[in-house]
Every structure is written in structure tokens, then in C-alpha cells.
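J.: Just dropping this structure here.
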Amino acid sequence: DQEHKATFTYSGDDVIPVPDPTNPPVKPEGFVDVVFDKGAHGEFAANAVTKYFVNPKAGKTLADITKPGIDAADGWKFTGWDKKDTEEIKANLTVTAQYKEKVVTTDPGDTDYAHVTFTTTKGTVTGQAEYWVLKNEKVTFAVPTVDLTGVTDYTFKAWDPAVKETYTADQEHKATFTYSGDDVIPV
């Protein structure tokens, strides 16, 4: 008796998108999974493909895969993925979305942020007087006020320079005042 076994050479695509993980295409033998994870501060864009079957012998990298779109949650910015495009796909791989919060109140130690401060020469700043905001991003935060308890003849006028929606560098906002006292003061 002699058994003859057929051998095959795979001739299909080395990267196969799985648009519906609940009803995937047939996974070729030996292929690995590449799965995208939306992370903690965003959602996948509509119709995003988040899973692929990849031939680990084809020398494919993450650059060969169309990454899903990400819609970051309010107050956050999607900054990319935790794996580089040069990562060669040799085994199952999970790629997670990365984010940065647009406004923080403690120093993140990150040069992508501008340090925004509020200072006064009269009274005291009431509220958060220091923020770190992601540069070149539209941001909102609670602007502090000035408490002039014990200060007479002055009213708070405005912050100089005016508070902005976008910052490109560190910025100090100084309180300005209007003098409301007598114009002639006897000594």
C-alpha cells in the first residue's frame, strides 16, 4: 500500500482583512492574528477593520496593514499606536491605540504640553492657577478668578494676555486691574 499526500503552495494574499470578526473568512493554515484595540479613551471609526490574518513568513510589517480610524473621546487626542510600523509580524499581535489628555493639572513631564499659569500682584488667584495643555490643540479649562478680599480701590479687569483656545508654548496670564479709588489722595 502506498499513500500519496497532496502538497500545496499558498498563492493568496499575505494580509487578509477580517471586516466582521463574528463571521470571519477562512483563516489560512499558519497565519497569525493582528488585532487592533481601541484603548481606553476612544472608539473605532465607523466600518473600521480591526482584525487581520497575516502570513508570518511573508515578512509583513504593520506598515502593510491599513489601520482603523480612531475617534478620541472629548478631552483626549489620539496619538498613534503602541507598536511601530516597522514591527515585523511573526506571531499573534495586539496593537493598542494611544492617547494624551488635552488638559492636565499636574506636570506630565512631556514637551508636547505648554505650561499655562495665572498670576496676580493683588489679592489671590481663586481656582486652578496652573495647567498643562497639549500644544496646538483646541482646549477648554476653568479659568480662575481673582479674590480681592482686603484689597480696596481696585477691581479685576482681565487676564493679560487674554485666555486662548490653543497654545503653542508656555504662557503666563497676569491679572490686570482697574483703579476705582479717589484721583486725589491727601497725605
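J.: Can you pull out the residues in region 1-19 that are at pLDDT 90 or above and surrounded by 10 or more Cβ atoms within 10 Å (Cβ to Cβ)?
T.: 13, 14, 15, 16, 17, 18, 19
J.: Right, next: Can you name the residue in region 134-157 that is over 17 Å from residue 172 (Cβ atoms) and of a type in the set (A, V, I, L, M) and, of all such residues, is modelled with the lowest pLDDT?
T.: For region 134-157, the residue satisfying everything is 151.
J.: Of everything in region 93-133, what is among the hydrophobic types (A, V, I, L, M, F, W, C), in contact with a Phe, Trp or Tyr (Cβ under 9 Å, 6 or more places away or on another chain) and either over 30 Å from residue 178 (Cα atoms) or modelled with pLDDT under 95 (or both)? Give them in sequence order.
T.: 95, 97, 103, 104
J.: OK, next. Quick check on residue 34: is it over 16 Å from the mean Cα position of the chain (by Cα) and in contact (Cβ under 8 Å) with a residue 40 or more places away in the chain?
T.: Yes: the conditions hold for residue 34.
J.: A follow-up question, please. Give the residues of region 93-119 that are over 30 Å from residue 66 (Cα atoms) and open to solvent by 40 Å² or more (accessible area, probe 1.4 Å), sorted by residue number.
T.: Within region 93-119, 105, 106, 107, 108, 109, 115, 119 meet the criteria.
J.: Identify the residue in region 169-187 that is open to solvent by less than 90 Å² (accessible area, probe 1.4 Å) and of a type in the set (Ser, Thr, Tyr) and, among all such residues, is nearest to residue 141 (Cα to Cα).
T.: 176
J.: Looking at region 44-92 only, could you name the residues that are within 17 Å of residue 32 (Cα to Cα), part of a strand (DSSP E or B) and open to solvent by 60 Å² or more (accessible area, probe 1.4 Å)?
T.: Once the filter is applied, which keeps residues that are within 17 Å of residue 32 (Cα to Cα), part of a strand (DSSP E or B) and open to solvent by 60 Å² or more (accessible area, probe 1.4 Å), region 44-92 yields only 88.
J.: Quick check on my filter: what residues within region 152-168 are of a type in the set (A, V, I, L, M, F, W, C) and surrounded by 12 or more Cβ atoms within 10 Å (Cβ to Cβ)?
T.: 156, 158, 159, 163
J.: Looking at region 133-151, which of the residues that are among the hydrophobic types (A, V, I, L, M, F, W, C), within 25 Å of the chain's Cα centre (by Cα) and open to solvent by 30 Å² or more (accessible area, probe 1.4 Å) is nearest to residue 100 (Cα to Cα)?
T.: Ranking the candidates gives 141 first.
The values are calculated or read from the model by the stated rules, or taken from the named source; none is laboratory data. Just so it is clear, the structure is predicted and the values come from calculations on it, not from any experiment. Counting neighbours? That spans all protein chains shown, and the Cβs are built from the backbone with ideal geometry, glycine included. Just the protein is used for accessible areas: all its heavy atoms, side chains included, with ligands, DNA and RNA removed. Shrake-Rupley method; radii C 1.70, N 1.55, O 1.52, S 1.80 Å.
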